[in-house]
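The values are calculated or read from the model by the stated rules, or taken from the named source; none is laboratory data. All values reported here derive from a predicted model rather than from experimental measurement. Because the Cβ atoms are built from the backbone with ideal geometry, glycine has one as well, and the counts that use them run over all protein chains shown. Surface areas here come from the heavy atoms of the whole protein model, side chains and all, with no ligands, DNA or RNA. Shrake-Rupley method; radii C 1.70, N 1.55, O 1.52, S 1.80 Å.
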Amino acid sequence: QVQLVESGGGLVQAGGSLRLSCAASRITADINVMGWYRQAPGTQRTLVATISMRTGNTNYADSVKGRFTISRDSAKNTVDLQMNSLKPEDTAVYYCNAVTIFHTYWGQGTQVTVSS
């Protein structure tokens, strides 16, 4: 059974920082891309950031550029999201995502709450 295990969510004041981590296990195919998505209540899940596990190329939502940084360890199939200068509108459930040529996998989600 494939697993994506997330950690690092929590409650932080506006302007603060959090670091999310995700570890993928039991995935037998090579992971091409890992990333983070988020979903606030009453909204659709949207992209936050993705990273190519082979090249390290990154992609960010405009709303987080300059504040969030995604990084990966390809050997360990892990991805981190460093979130700085957090804003109340960053409040959401954050989901880890892993894409192989066969499947797209999702983590269970971790709550990030930014108070004003």
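Does the stretch 20-74 come out rounded, prolate or oblate by the C-alpha gyration tensor, with a ≥ b ≥ c the root eigenvalues, rounded set by a/c under 1.5 and, if not, prolate when a/b is larger than b/c and oblate if not? It is oblate, given that a/c is not under 1.5 and a/b is not larger than b/c. Solvent-accessible area per residue in the chain equals 54 Å², computed with a 1.4 angstrom probe and all protein chains kept. Backbone phi angles across the stretch 40-45, fed through the Karplus curve with coefficients 6.51, -1.76 and 1.60 (θ = phi - 60°), yield HN-Hα couplings of 8, x, x, 10, 7, 5 Hz in residue order; Gly and Pro are listed as x.
Annotation: extensible slack from R19 through N57 equals 11.7 nm (criterion: 0.36 nm per residue apart, minus Cα-Cα distance). Amide H to amide H, with H built 1.01 Å from N, G16 comes under 5 Å of L86, counting only residues 5 or more places away or on other chains.
A crude spin-label estimate for the pair K65 and N32, with each label 7 Å from Cα along the Cβ direction, gives 2.4 nm. A simple spin-label model places pseudo-atoms 7 Å from Cα toward Cβ; at E89 and A40 they are separated by 0.7 nm.
With K and R counted +1 and D and E -1, the other residues having a Cβ less than 14 Å from that of K65 yield a net charge of 0.
Take every pair of alpha-carbon atoms less than 8 Å apart whose residues are at least six positions apart; their mean separation over the length of the chain yields a relative contact order of 36 percent.
On the basis of the beta-carbon distance and an R0 of 30 Å, S116 and K76 show a calculated FRET efficiency of 0.25.
Surface composition of the chain: carbon plus sulfur atoms contribute 47% of the solvent-accessible area (1.4 Å probe, protein chains only, all chains present).
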